[in-house]
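Take a look at the structure below.
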There are 2 protein chains.
Amino acid sequence: MLDKNIQSDVTNIAEVMVQVGVRAKTAAKALRSASAEKKTAALTAMADALWQNRQLILDANSIDMETAQETGVAPAFLDRLKLDEDRIQAMADGLRVIADMPDPVGAIIAEWEQPNGLKIERVRTPLGVIGVIFESRPNVTADAGALCLKSGNAVILRGGSDSFHSSRAIHASLVEGLEKTDLPVDAIQIVPTTDRAAVGEMLSGLNGAIDVIIPRGGKGLVERVQTDARVPVFAHLEGLCHLYVDKSADLEMAITIAVNAKMRRTGICGSAETLLMDRAAADTHLVPILKALQNSGCEVRGDNEVQNAFSETKPATEGDWHTEYLDSIISVKLVDGVAGAIGHIEKYSTNHTESIIASDETAVDQFFDGIDSAILLHNASTQFADGGEFGMGAEIGIATGKMHARGPVGVEQLTSFKYQVRGSGQTRP
Amino acid sequence: MLDKNIQSDVTNIAEVMVQVGVRAKTAAKALRSASAEKKTAALTAMADALWQNRQLILDANSIDMETAQETGVAPAFLDRLKLDEDRIQAMADGLRVIADMPDPVGAIIAEWEQPNGLKIERVRTPLGVIGVIFESRPNVTADAGALCLKSGNAVILRGGSDSFHSSRAIHASLVEGLEKTDLPVDAIQIVPTTDRAAVGEMLSGLNGAIDVIIPRGGKGLVERVQTDARVPVFAHLEGLCHLYVDKSADLEMAITIAVNAKMRRTGICGSAETLLMDRAAADTHLVPILKALQNSGCEVRGDNEVQNAFSETKPATEGDWHTEYLDSIISVKLVDGVAGAIGHIEKYSTNHTESIIASDETAVDQFFDGIDSAILLHNASTQFADGGEFGMGAEIGIATGKMHARGPVGVEQLTSFKYQVRGSGQTRP
């Protein structure tokens with residue numbers, strides 16, 4: 001029976017969460033040496049269970065949807081929350097993709113031999129316990145749970161209260177997969193309360209049980225996690241991606257890429273927010289690109305020069321250069337060549353993804369060398385900023401920090417390593 | 001002129017440190033694209049300057065030594081603080097070794113091509129700004145400054161007040177090398193005050209200027225840094241290294257390695273603190289190993305079984321299994337095979353370094369798989385836990401955390417990466 005108020009059972013949040021942490025650590029220890037075959041079998045069993053239990057999951061989702069509708073949330077929110085058979089199928093397919101990926105744990109990342117005969121191997125190991133804090137999308141339960149299991153990590157999932165019943169129902173199918181393959185059921189735990197205090201407990205690290213926190217959601221969530229977490233965080237706050245069109249750019253390519261980078265999906269972090277146009281090619285390139293953007297339904301905001309060149313441009317304010325619209329709006333500015341583009345990007349970038357359209361390789365090298373964002377692209381759409389598109393199979397998110405994981409975070413990025421050194425009696429002189 | 005009280009000039013510590021951070025960030029930006037040749041030339045010029053300025057450095061060191069003697073510190077402390085021509089020569093040689101190492105920045109760590117023709121490269125980049133907090137050894141100024149420069153990072157050095165004049169004098173030679181090669185002088189800064197408040201400011205990250213903190217010193221310093229830092233820390237708190245002698249161990253090898261692991265240098269983090277003896281070979285192996293240790297000047301502490309087997313054993317208390325002696329003392333315990341060793345190590349290890357002496361490969365695999373310390377060794381001394389011995393050329397320390405850097409931290413571990421993606425007009429479907 002699904003109980004609408006199951007979370008009210010939990011009274012002492014801190015105590016409950018510490019126990020969640022203890023169980024996760026114990027599970028993580030067992031997972032360290034779980035075989036690749038067992039993890040693959042578990043992920044496949046989870047996919048099967050999700051499909052078999054689809055009616056239970058849809059029933060749970062109905063409870064969440066009703067509650068959300070009663071509180072009068074936005075249609076976009078309801079769309080993120082809603083599950084149907086297709087979406088459950090997609091979740092199950094996602095699990096099968098992860099099941100089929102190579103197992104990262106135990107892989108030898110590097111090996112060499114020292115002159116004294118010591119053989120050194122750097123071997124991939126799980127990180128330990130990962131905390132995932134997400135909002136309304138219930139499918140994160142399956143995606144994040146599967147990626148963490150594949151990488152040998154235990155995970156503590158804390159979804160939004162709006163998707164509480166949906167996430168719990170999905171989680172039950174994941175646990176079925178763990179049980180069928182004799183993996184510890186605590187490998188994938190879901191926080192048993194919607195009380196926001198649980199998030200604070202997770203950010204404190206649960207007495208050292210949590211090794212890394214990954215927030216999945218809007219800017220408000222990520223900001224809170226980055227500010228308050230006492231453990232490492234893999235995240236990006238914003239994807240304020242820039243597209244620079246050099247004077248050496250092929251015009252047709254620039255038009256196609258600009259429209260794709262901005263408009264393919266405007267709500268994702270890899271969508272372009274600012275177009276920087278090389279002043280030296282503004283006469284030939286600017287208007288055709290802006291027309292194409294406008295024809296695709298995009299609002300153009302620009303500085304005075306852009307307004308003069310393209311009369312339908314709305315004025316851009318200083319705030320526009322700082323804004324991740326996540327909408328059909330683009331800010332446009334003329335710059336003096338690559339150096340001008342780098343100057344603008346350095347000032348406003350969120351170090352996520354930037355692209356240059358150019359045929360001049362010197363310009364490309366200058367752009368790549370001069371900018372320290374996680375992902376730099378040449379003659380390609382910013383919307384390729386994605387673990388799947390990078391060939392990582394799936395990603396748990398994109399990180400813009402410089403430590404440990406950067407860019408798309410796939411299963412390999414959820415691992416650490418240890419050194420294994422084999423000798424034949426060596427002592428140190 | 002060397003001024004004993006130069007630090008008293010600094011009144012507003014917070015403001016001064018924020019400016020140090022701003023200058024470091026600016027320098028870090030310039031260093032990102034500094035050529036390998038320029039960095040090599042600067043390091044060589046620094047080595048030359050250290051030797052040319054040796055009398056100034058020795059004069060500065062005399063001031064520190066006098067002050068230390070007046071306050072009546074321990075002889076070991078004075079030895080760490082003292083400089084002479086040989087030690088200055090060793091520092092200069094260390095800089096030349098780092099100068100000759102391959103430059104890590106810009107190296108392509110991985111590259112692959114996606115089916116759509118996108119060529120993806122993962123390229124090594126500097127981390128940015130590194131804060132190094134150390135105690136009395138003035139040579140850390142040169143070592144840490146050089147390793148950070150080699151890896152393209154700006155560094156903020158904060159040495160102990162006891163070595164303030166020595167460190168400043170060494171730092172002046174490093175700056176000479178930067179000036180001679182037109183690299184920004186702020187690439188290597190030294191905190192211009194001995195006020196302890198400066199450490200607190202560094203731990204807060206200086207308004208986001210510092211990317212990582214590396215403490216170099218005793219447990220008290222590392223503990224404070226790990227507790228208070230609001231930025232990532234590369235460190236190990238203790239090196240409580242275990243040596244396990246399996247029943248399959250060659251006795252002569254076990255004796256030689258045990259003595260080396262414990263006694264070669266007792267004060268370093270890689271020295272063994274606990275010997276775990278497989279109960280199945282205790283009759284043959286235990287006494288010869290303990291006799292050899294005792295003959296080398298080591299005190300043996302053990303549980304009842306060990307005391308019964310070797311009468312000169314002093315009783316070990318529970319506290320002994322937790323103690324990093326850093327002295328000529330070893331704690332000894334009988335365990336039931338590899339599983340027993342793993343059980344003990346899991347409970348007491350600081351995840352630094354553990355070694356197994358065995359000829360049975362199955363035992364080795366079980367030991368390597370079952371333990372998640374940064375460094376695991378087979379048939380080799382724990383004292384090999386060192387960047388130089390790993391072939392990294394030099395190390396800034398050893399890290400036991402699971403994130404980013406683990407084990408010896410050399411120049412490669414002081415870098416991050418970015419993705420460079422080259423296309424030919426690809427848009428995302």
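The values are calculated or read from the model by the stated rules, or taken from the named source; none is laboratory data. What you see is a predicted model, and the numbers here were worked out from it, not measured in a lab. Cβ: placed from backbone, ideal geometry, glycine included. Neighbour counts: every protein chain shown.
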The conditions are (1) at the interface with chain B (Cβ under 10 Å from one of its Cβ atoms); (2) in contact with a strand residue (DSSP E or B) (Cβ under 6 Å, 6 or more places away or on another chain); (3) not in a loop (DSSP other than H, G, I, E, B), and A:Gln383 fails exactly one of them. Which is it? (2)
Unmet criterion (only one of (1) more than 21 Å from A:Tyr348 (Cα to Cα); (2) in contact (Cβ under 8 Å) with a residue 40 or more places away in the chain; (3) more than 11 Å from chain B (Cβ to nearest Cβ)) for A:Ala272: (1)
What is the one condition in (1) in contact (Cβ under 8 Å) with a residue 60 or more places away in the chain; (2) farther than 23 Å from A:Gly407 by Cα; (3) part of a helix (DSSP H, G or I); (4) within 14 Å of chain B (Cβ to nearest Cβ) that A:Ala339 does not satisfy? (1)
Given the options B:Thr67, B:Thr40, B:Thr26, name the one that is modelled with pLDDT under 95, assigned to a helix (DSSP H, G or I) and not small (Gly, Ala, Ser). B:Thr67
So, first residue free of Cβ contacts under 8 Å to residues at least 60 places away in the same chain and in the same structural domain as B:Ile330 (by TED's automatic domain parsing) in segment B:300-314, second residue part of a helix (DSSP H, G or I) and of a type in the set (Asp, Glu), Cβ within less than 6 Å, six or more apart or across chains; the pairs are B:Arg301/B:Asp320
Could you tell me how many of the residues in segment B:170-207 are part of a helix (DSSP H, G or I), among the aliphatic types (A, V, I, L, M) and under 23 Å from the mean Cα position of the chain (by Cα)? 7
Given the residues B:Ser355, B:Ser311, which is the only one that is hydroxyl-bearing (Ser, Thr, Tyr) and either closer than 14 Å to B:Leu240 by Cβ or assigned to a helix (DSSP H, G or I) (or both)? B:Ser355
So A:Thr227 clears everything in (1) within 14 Å of chain B (Cβ to nearest Cβ); (2) in a helix (DSSP H, G or I); (3) of a type in the set (Ser, Thr, Tyr); (4) within 30 Å of A:Ala363 (Cβ to Cβ) except one condition, right? Which one? (4)
Answer with yes or no whether A:Ala399 is more than 9 Å from chain B (Cβ to nearest Cβ) and either more than 20 Å from A:Gly270 (Cα to Cα) or crowded, with 22+ Cβ neighbours inside 10 Å (or both). yes
Yes or no: segment A:406-416 includes at least one residue that is part of a strand (DSSP E or B) and more than 11 Å from chain B (Cβ to nearest Cβ). yes
Pairs returned, first residue in segment B:402-415 that is among the polar types (S, T, N, Q), second residue that is modelled with pLDDT of 90 or more and not in a strand (DSSP E or B), beta-carbon separation under 6 angstrom, 6 or more apart or interchain, are B:Gln413/B:Ala405; B:Thr415/B:Pro104; B:Thr415/B:Ser151
Looking only at strands (runs of 3 or more DSSP E) that fall completely inside segment B:102-148, which ones have 2 or more residues that are among the basic types (Lys, Arg) and in contact (Cβ under 8 Å) with a residue 40 or more places away in the chain? B:119-126
Filter segment A:358-380 for residues that are within 8 Å of chain B (Cβ to nearest Cβ) and either under 18 Å from B:Glu113 (Cβ atoms) or not in a loop (DSSP other than H, G, I, E, B) (or both) and give the result. A:Val364, A:Phe368, A:Asp369, A:Gly370, A:Ile375, A:Leu376, A:Leu377, A:His378, A:Asn379, A:Ala380
Can you find a residue in segment B:352-371 that is at pLDDT below 95 and within 20 Å of the chain's Cα centre (by Cα)? no
Could you check segment B:338-363 and list, in sequence order, the residues that are surrounded by 20 or more Cβ atoms within 10 Å (Cβ to Cβ) and among the small types (Gly, Ala, Ser)? B:Ala341, B:Ser349, B:Ser355, B:Ala358, B:Ala363
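Condition check ((1) in a helix (DSSP H, G or I); (2) in contact with a helix residue (DSSP H, G or I) (Cβ under 7 Å, 6 or more places away or on another chain); (3) of a type in the set (Val, Ile, Thr)) across all residues:
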position	(1), (2), (3)
B:Met253	yes, no, no
B:Leu276	no, yes, no
B:Ala280	yes, yes, no
B:Asp283	yes, no, no
B:Ile289	yes, yes, yes
B:Gln294	yes, no, no
B:Gln307	yes, no, no
B:Glu324	no, no, no
B:Ile330	no, yes, yes
Does A:Ala261 satisfy being in the same structural domain as A:Ala358 (by TED's automatic domain parsing) and buried (at least 24 other Cβ atoms within 10 Å of the Cβ)? yes
In segment B:386-396, residues that are of a type in the set (D, E, K, R) and more than 7 Å from chain A (Cβ to nearest Cβ) total 2
Report yes if some residue within segment A:190-197 is touching a Gly at 6+ places or on another chain (Cβ under 8 Å), of a type in the set (D, E, K, R) and surrounded by fewer than 16 Cβ atoms within 10 Å (Cβ to Cβ); otherwise report no. no
How do the pairs read when you match residues in segment B:168-186 that are under 16 Å from B:Ser151 (Cβ atoms) with residues anywhere that are among the β-branched types (Val, Ile, Thr) and part of a helix (DSSP H, G or I), using Cβ under 7 Å and keeping only pairs 6 or more apart or on different chains? B:Leu178/B:Val185
State all residues of segment A:225-261 that are charged (D, E, K, R) and under 20 Å from B:Ser424 (Cβ atoms); if no residue qualifies, say none. A:Asp246, A:Lys247, A:Asp250, A:Glu252
